[in-house]
Structure formats: structure tokens, C-alpha cells
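> Dumping the structure here so I can ask a few things about it.
Throughout, read-outs are computed from the coordinates displayed, never taken from laboratory work. In this text the structure is predicted, and so the values were computed from the model without any measurement. Note that each Cβ is placed from the backbone with ideal geometry, even for glycine, and that neighbours are counted across all protein chains shown.
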Amino acid sequence: MSQPLLVRDVVAAMDVRYRPQWAEDWDAVGLVCGDPSVAVTKIHFAVDATPAVVDEAIASGAQMLITHHPLLFDPVQSVAATSTKGAIIHRLISNGVALFAAHTNADRANPGVSDALATALCLMDIEVLEPLADDDQVGLGRVGRLGEPMSLQAFVEHVH
């Protein structure tokens with residue numbers, strides 16, 4: 001019988017795919033809360049850790065919530081449950097749900113969030129807009145071309 005996957009295993013896999021050193025200096029990526037030794041059988045994914053998303057994660061039976069946007073950016077003075085973010089942290093911890101964020105490091109990855117957006121827009125000949133000095137395949141933003149010229153209105157409809 002195989003060993004259960006732990007929070008630390010998921011964190012390690014995420015850190016390989018979305019390297020923390022790719023994050024902007026101001027960004028707050030990685031494990032926000034949770035016990036690295038807890039077994040994980042279900043992961044909930046979302047853009048933000050809002051109260052509704054946390055409710056969904058708990059209701060789904062997830063042991064981990066992975067978001068794109070970090071819950072905490074600025075230096076934290078308190079995680080008292082009297083604040084919205086503090087209440088989210090308390091709710092996650094009391095329900096055994098770890099929180100992990102991959103933000104600008106996931107934007108820079110290849111493939112990553114920027115590639116997913118470029119693909120969703122059906123861009124062709126996609127290139128990294130702002131490559132890292134040591135790897136021109138990794139970096140912020142993507143630029144490409146549409147398959148055919150279109151008006152702004154047609155592009156808005158295409159995006160919508």
C-alpha cells in the first residue's frame with residue numbers, strides 16, 4: 001500500500017512547478033497555514049480564498065485549498081477572527097484545511113497562468129513578454145497574435 005500524500009508533498013510539487021524564486025519580491029507565495037504532515041486526499045482550487053470559497057473547500061472535504069492570489073500580502077499584525085482574513089485563517093485551521101498560494105511565480109511559469117490566458121484568447125506565436133534573465137521561456141506576461149484581425153468590439157465578444 002502506498003504512503004498517503006501529505007501537505008508537504010503537495011507544497012514540494014507546487015514549488016518545483018511554480019518556483020518561489022520566480023515570485024515578485026512583494027508577493028507572498030507558499031504555504032499560508034496548515035500542518036505539513038496532514039494527509040491530503042482532496043484539493044480545492046480557486047483564484048481567491050474568499051469566505052464562500054473556504055466554505056466550498058470545507059464542504060467538499062478538501063484538506064487543502066490552493067489559490068492564485070495570496071490571502072495575506074502586507075506584514076500581518078494579527079489574525080484575530082474579528083477581521084475577515086483572520087476569520088478565514090481560523091476557519092481553515094479549525095477545519096483542517098491548509099492554504100497555499102501560487103501567484104506571480106505561477107504567472108511566470110511555462111506553462112503557467114499567463115499561458116493559460118493566452119491560450120484562452122486563442123493567441124498564436126506566443127512569446128514571453130518579460131523573460132527572466134536566465135531563462136527566456138519563463139517570465140511575466142505573454143504576447144501573441146490573433147488568428148485574424150478583428151475589431152475591438154469583435155475582440156471584446158471573443159474574450160467574453
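> Which condition number does G144 fail, the rest of (1) among the small types (G, A, S); (2) over 20 Å from A12 (Cβ atoms); (3) crowded, with 17+ Cβ neighbours inside 10 Å being met?
Result: G144 fails condition (3) only.
> Return yes when D115 is in a helix (DSSP H, G or I) and touching a strand residue (DSSP E or B) at 6+ places or on another chain (Cβ under 7 Å) and no when it is not.
Numbers: in a helix (DSSP H, G or I): yes; touching a strand residue (DSSP E or B) at 6+ places or on another chain (Cβ under 7 Å): yes.
Yes, satisfied.
> If a residue has to be touching a strand residue (DSSP E or B) at 6+ places or on another chain (Cβ under 9 Å) and more than 30 Å from G139 (Cβ to Cβ) to count, how many in the range 72-112 make the cut?
Selection size over the range 72-112: 6.
> Taking into account only those residues within the range 35-55 that are exposed (fewer than 11 other Cβ atoms within 10 Å of the Cβ) and either under 20 Å from A106 (Cβ atoms) or of a type in the set (A, V, I, L, M) (or both), which is farthest from the chain's Cα centre (by Cα)?
A52
> Name every residue in the range 3-30 that is over 16 Å from G112 (Cβ atoms) and of a type in the set (F, W, Y), in order of residue number.
Once the filter is applied, which keeps residues that are over 16 Å from G112 (Cβ atoms) and of a type in the set (F, W, Y), the range 3-30 yields only W26.
> Kindly indicate the residue of the range 52-105 that is polar (S, T, N, Q) and in contact with a Leu (Cβ under 8 Å, 6 or more places away or on another chain) and also nearest to P4 (Cα to Cα) among those meeting that condition.
That would be T67.
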